[in-house]
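First comes the structure, then the notes that go with it.
The values are calculated or read from the model by the stated rules, or taken from the named source; none is laboratory data. No experiment lies behind these values; they were computed from the predicted model shown. Methodologically, a virtual Cβ is constructed for each residue, glycine included, from the backbone with ideal geometry; neighbour enumeration extends over all protein chains shown.
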């Protein structure tokens, strides 16, 4: 393997422990996309994402926490990247071939459903929180407003089935 020159200029001098997702209650959150990096997988490559919690379950108590997830480039898993791009940019890229740079989403706010993820490594079982589905931030705000109204009323409310949302196809250059 060839050597590469690496510059550590601008790297924080503080050495931290392993990166870990903040453990938060399961539910819907607003997340800010902080970083996305390409990674090589055994079978399929993937994008490793880092998010910062903006708002969600428990109010401001968890704001500022960090969550991590991946979006696999496996054909069976591309729906998750499609949802993230749609949540971030409002563009449905399903059925398109396009060049994608994860940095194009940096700084965007998206809605996400966060669930517990249990895994075992080196004989040690760990539970972490991770985003498992993404949606436009307006859907989070609507859900939050409805939840607050429901709590105030203390009444049983029938839930109507949501109509499937028509997603607009767009040109890749708009990304």
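Quick grid of which residues meet (1) surrounded by 10 or more Cβ atoms within 10 Å (Cβ to Cβ); (2) at pLDDT below 90; (3) over 22 Å from the mean Cα position of the chain (by Cα); (4) at negative phi:
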{"site": "110", "(1), (2), (3), (4)": "yes, no, no, yes"}
{"site": "121", "(1), (2), (3), (4)": "no, yes, yes, yes"}
{"site": "134", "(1), (2), (3), (4)": "yes, no, no, yes"}
{"site": "139", "(1), (2), (3), (4)": "yes, yes, no, yes"}
{"site": "144", "(1), (2), (3), (4)": "yes, yes, no, yes"}
{"site": "153", "(1), (2), (3), (4)": "no, yes, yes, yes"}
{"site": "164", "(1), (2), (3), (4)": "no, yes, no, yes"}
{"site": "169", "(1), (2), (3), (4)": "yes, yes, no, yes"}
{"site": "172", "(1), (2), (3), (4)": "yes, yes, no, yes"}
Residues in region 89-108 that are loosely packed, with under 12 Cβ neighbours inside 10 Å, over 15 Å from the mean Cα position of the chain (by Cα) and at pLDDT 90 or above total 2
Scanning region 88-98 for residues that are touching a helix residue (DSSP H, G or I) at 6+ places or on another chain (Cβ under 7 Å) and in a loop (DSSP other than H, G, I, E, B) gives 91, 93, 94, 96, 98
Is it true that residue 85 is part of a strand (DSSP E or B) and either at pLDDT below 90 or under 12 Å from the mean Cα position of the chain (by Cα) (or both)?
no
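Output the residues belonging to region 58-69 that are buried (at least 17 other Cβ atoms within 10 Å of the Cβ) and not in a helix (DSSP H, G or I).
65, 67, 68, 69
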Can you say whether residue 33 is under 18 Å from the mean Cα position of the chain (by Cα) and modelled with pLDDT under 90, as far as the supplied structure shows? no
Taking region 100-118 and keeping only residues that are out of contact with any strand residue (DSSP E or B) (no Cβ under 6 Å at 6 or more places or on another chain) and either over 17 Å from residue 48 (Cα atoms) or in a helix (DSSP H, G or I) (or both), one is left with 103, 104
